[in-house]
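The values are calculated or read from the model by the stated rules, or taken from the named source; none is laboratory data. Predicted model, so just to flag it, every value in this text is computed and none were measured. Backbone-built Cβ (ideal geometry, glycine too); neighbour counts: all protein chains shown.
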Amino acid sequence: MIVPLNYLGPSKTAPNQFYINSGTWRRVYELAQSNPKDQEFLGYNVMTYVTFFKGDERHGRSFETWSGALACD
């Protein structure tokens, strides 16, 4: 979840502020689509990464987020 908290306009005397909740790794189970009558569920892990930058790193961007999935063992 990303929520913008404020906007200071074009003066940019202070950085824009955001609330970023990346959650945690969690396992998700979904019903297999190939034969739903068998009621088989497959699991995988869902995760989100948040990276913060200072100054002119990443062309002045202050953060980026990436979400992905990881197969279960």
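Could you please let me know if THR65 is touching an Asp or Glu at 6+ places or on another chain (Cβ under 7 Å), surrounded by 10 or more Cβ atoms within 10 Å (Cβ to Cβ) and modelled with pLDDT of 85 or more?
When the stated conditions are applied, THR65 does not pass them.
Looking at segment 19-67, which of the residues that are in contact with a Ser or Thr (Cβ under 9 Å, 6 or more places away or on another chain) and of a type in the set (A, V, I, L, M) is farthest from VAL3 (Cα to Cα)?
Only one residue fits best here, namely VAL46.
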